[in-house]
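First the structure, in the form of structure tokens, and then the observations on it.
We did not get these values from a lab; they are worked out from the coordinates using the rules stated. Predicted, not measured: the structure shown is a model, and the values here were computed from it. When we count neighbours, we look across all protein chains shown, and the Cβ atoms used for this are built from the backbone with ideal geometry, even at glycine.
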Amino acid sequence: MNGATLLISSKNYSSWSLRGFLLARLAGLVFEEKVVDPDDPANRAELLMQSASIRIPCLLHGDVTVWDTLAIAEYLNETFPEARMLPAEPVARALCRSVSGEMHSGFGNLREALPMNLRLFRPEFTVWSAVQADIDRITEIWRECLALSKGPYLFGAAPTIADAMYAPVVTRFRSYDVAQDEVCEAFCRQIMAWAPMREWFAAAKREPEQIDELDVEF
């Protein structure tokens with residue numbers, strides 16, 4: 001199957017686009033990017049979390065069109081099994097799917113209060129209790145996975161779907177100066193050093209547009 005295009009949104013603001021990009025890189029897929037106009041009403045609604053569904057990123061691969069980040073992950077895993085996007089061991093594989101699904105559907109308080117903004121740094125940012133509960137659950141997941149796998153990624157020596165799903169959270173923790181224990185901090189450093197993450201950050205720095213609603217002081 002030839003020809004792959006990944007439709008993405010803002011590299012600075014869109015956590016879902018980052019996940020789609022990381023998954024495509026993880027699969028070893030050769031693709032071109034197409035950035036959806038940030039002024040498109042549907043795209044802007046997604047970025048501002050005012051949309052009931054998330055249709056970006058969207059992967060166009062030959063005759064296949066697949067959106068929703070978990071659907072993209074499963075499609076790529078099936079299409080490129082040699083990439084080993086999920087752990088080989090069944091128990092670890094089930095856990096990887098579970099924590100990826102939890103990230104996909106949960107943590108609404110964190111998403112709303114700490115939106116992704118790679119150019120942002122807010123030292124000593126005040127985190128409210130509901131957001132802290134999300135942070136505590138996320139770091140509990142990380143510690144559990146790392147204790148079982150011995151790291152440095154969530155499921156061992158190589159990144160998996162779960163690492164792609166949680167990578168935008170790492171950027172949020174950096175942007176809003178979220179304190180962590182040594183284990184979680186080491187994992188965050190590993191994710192930030194991941195080559196596709198460095199590639200994405202470099203492109204985000206060159207991105208010209210700014211969304212005022214996501215850059216306000218709050």
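Entry note: the stretch 111-170 has Rg to Rh equal to 1.02, where both radii use alpha-carbon atoms and Rh is the Kirkwood radius. Mean sequence separation of contacting Cα pairs (under 8 Å, at least six apart), scaled by the length of the chain, corresponds to a relative contact order of 25 percent. For the peptides 19-27, 92-100, the ranking by packing is 19-27, 92-100, with the highest mean count of neighbouring Cβ atoms within 10 Å listed first. A simple spin-label model places the labels of D136 and E199 3.9 nm from each other, with each point 7 Å out along Cα-to-Cβ. With the convex hull constructed from alpha-carbon coordinates only, the stretch 90-198 shows a mean projected area of 6.5 nm² over all directions.
Expressed as a whole percent, the proportion of Cα-Cα pairs in the stretch 81-128 lying more than 16 Å apart is 60%.
Translational diffusion coefficient of the chain (Stokes-Einstein, Kirkwood radius from Cα pairs, 4 °C, 1.567 mPa s): 74 µm²/s.
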